[in-house]
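Notes for the one structure printed next.
Every number here is computed from the coordinates shown, using simple stated rules; none is lab data. No experiment lies behind these values; they were computed from the predicted model shown. Note: ideal-geometry Cβ built from the backbone for every residue, glycine included; neighbour counts use all protein chains shown.
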Amino acid sequence: MSVFPKKRRFSGLGLVKQALKHQEGWQRMWRSPAPREHYDIIVVGAGGHGLATAHYLASVHSQAKVAVLEKGWLGGGNTGRNTTIVRSNYLWDEAARLYEHAMKLWEGLSQDLNYNVMFSQRGVMNLGHTLQDMRDIQRRVNANRLNGIDGEVLNARQCKQIVPIMDTSGRTRYPVLGASWQPRAGVARHDAVAWGYARAADARGVDIIQQCEVIDIVVENGCAVGVETRQHGRIRADRIGCVAAGNSGVLASMAGIELPIESHPLQAFVSEPIKPILDTVVMSNAVHGYMSQSDKGDLVIGAGIDSYVGYGQRGSYPVIEHTMQAILELFPCVSRVHMNRQWGGIVDTTPDACPIISKTPIENLFFNCGWGTGGFKATPGSGHVFADLLANGEPNELTAPFALDRFHSGALIDEHGAAGVAH
Amino acid sequence: MFLIHCPYCGEDREEEEFHAAGEAHIARPLDPDACSDEEWGNYLYFRRNPRGLHRELWVHVAGCGKYFNIARDTASYQIHGSYRIGERFTWSDAEDSAAP
Ligand SMILES: Cc1cc2nc3c(=O)[nH]c(=O)nc-3n(C[C@H](O)[C@H](O)[C@H](O)COP(=O)(O)OP(=O)(O)OC[C@H]3O[C@@H](n4cnc5c(N)ncnc54)[C@H](O)[C@@H]3O)c2cc1C
Ligand SMILES: [Zn+2]
């Protein structure tokens, strides 16, 4: 293990000091250690969820001998590809509790990590375009409030007050009738979340090993004892937690188990930067598109998944066209804005649009996956509860409903209404 | 954009004319009441989801309206063939061992 000088805290004063030193005195954010032969816990996948898991293992559970293995670069998966919407207004108690747990952690995250994750509670609006949409919205907002989660039902006029550029004239093919509105929801800087967790975990001694692809999970007598990696050979561990999003099924098959997951491409777009026109997030399940504006000024736009199974990190053309139609119907004023970039990630969808945070039939092998199109918002909560599962070996009350066995017992948590295409 | 061959229309058509309907060749249990929870859950929810060769069901919604199968690679996106319901498709032996 390479030794690392104690991390200096980031602060306003530090910024001034570094400015005077021509920005040449900054420390490295994390080490690039060579892996040890054995760890207490190996986390596979250095996305936000894996890194958060490692951070809470070290900070909450005092686990020091932890490694995070990443086949590419940290934060290069869905964490660095998503459109960063954070909200907690899910319908069912189990999901609402889990996402609200994450929301509470978001609210103190920059302080906890000593890293500005630019969490901005600018509100999220989920539009309704039909009477049934509005009934579903009312039901969900009521359920949210009963669970202590903030939410309001807005009519079209109130939507227009918050988002003046939106066409609420009623003359569109799918008129805006109203929306659900969660004021505490918002966006965060996705890369900063990965970097902040990585820096904090590294400072507590977690080894983050990039360019280290797991190609096999070593199982002896029904018990996982380590992983085989392409670059560093075998690394042994007492417990293994897989947090590999779209590639979870590939990892599961290495251990000879099956997951009820299908991997689909999901894409997003950003426009050229323009002056501020939108200070919140607007999403529509019905016309299938959503938009926010980043601090740089680019419009961040996303849509639905490709309907087929795919591992190519790109999206199909029909979805691009469909998304732009939806966005233009809602926001006719952006019709001349150019799109700068388009990309895709591989999302791990489950039959009930809820994650799997679970033990497996293989002893000491755990999975945290199935976050599908909407797991960024859960990053702190997911890491927090998965660290608890890895440290204790048994689920707690937050994770128990999300066990793998629900697909055989039938206790699904159907969040399609609240999750569906919404992120 | 996929160019998909509909084995019923005998035409190569753009992806937009079709809908993907998931993994192919999933047989409904003949006697559902006799299934264990395990078997029924597997039938309903567990799919192979391979990174590689995959047989899948598509429907030609904007054409003949019929369901048919495609053999496709989910990583390279290459379509190896289309075939009608009731037919089987085999890759070369070496490839097929990866896709039972
Ligand atoms: C276009 C798009 C938009 C989205 N928008 C939103 C949104 O607005 N709000 C929201 O809440 N969610 C959104 N999501 C979903 C969200 O991005 C994911 O649910 C979440 O980021 C998953 O985090 P993760 O850390 O589990 O996955 P990832 O960040 O994908 O991390 C998994 C890591 O595992 C690594 N890995 C895989 N296989 C191996 C292996 N064999 N060995 C070693 N490492 C391996 C990968 O390289 C990757 O870095 C969006 C997703 C996409 C693609
Ligand atoms: Zn046809």
Report the Cα-based extents of chain B along its three principal axes, largest first, to the nearest Å. 42, 33, 21
Low-density loop positions, trypsin sites (Lys or Arg not before Pro), segment A:254-355 - DSSP coil, at most 15 other Cβ in 10 Å: A:K296, A:R314, A:R336
Ellipsoid equivalent to segment A:204-282 - semi-axes via the Cα gyration tensor, in Å: 37, 18, 12
Mind jotting down the distance between the C-alpha centroids of segment A:316-342 and segment A:193-261, whole Å? 38 Å
Prolate/oblate/rounded call for segment A:59-148, Cα gyration tensor, a/c under 1.5 rounded: prolate
Could you tell me whether segment A:236-293 comes out rounded, prolate or oblate from its Cα gyration tensor? Rule is a ≥ b ≥ c as square roots of the eigenvalues, rounded for a/c under 1.5, then prolate if a/b exceeds b/c, otherwise oblate. prolate
Just counting partner chain Cβ atoms within 10 Å, what average do the residues of peptide A:302-312 show around their Cβ? 5
Those aspartates and glutamates that a straight Cα-Cα span of less than 18 Å connects to B:K66, excepting residues fewer than 8 apart in one chain: B:E11, B:D12, B:E14, B:E15, B:E16, B:E17, B:E23, B:E56, B:E87
The alpha-carbon center of segment A:345-389 and that of segment A:268-305 are separated, in whole Å, by 26 Å
Can you list the aspartates and glutamates whose alpha carbon is less than 17 Å from that of A:K7, not counting same-chain residues fewer than 8 positions off? A:E24, A:D112, A:D202, A:D207
Once you have the Cα-Cα distance between A:S32 and A:S169, take 0.36 nm times their residue separation minus that, and quote the gain in nm to one decimal. 43.7 nm
As I understand it, the value is the acute angle between the Cα axis of helix A:317-330 and the longest principal axis of the Cα atoms of chain A; what does it come to in degrees, rounded to 10? 50 degrees
Per the beta carbon screen (other Cys under 4.7 Å), unpartnered cysteines of chain B come out as B:C35, B:C64
For segment B:30-41, what does the Karplus curve 6.51 cos²θ - 1.76 cosθ + 1.60, with θ = phi - 60°, yield as ³J(HN,Hα) per residue in whole Hz, taken in order and with x for Gly and Pro? 5, 10, x, 5, 8, 6, 6, 4, 4, 5, 5, x
Rg over Rh [alpha-carbon atoms, Kirkwood Rh] for the protein assembly as shown: 0.97
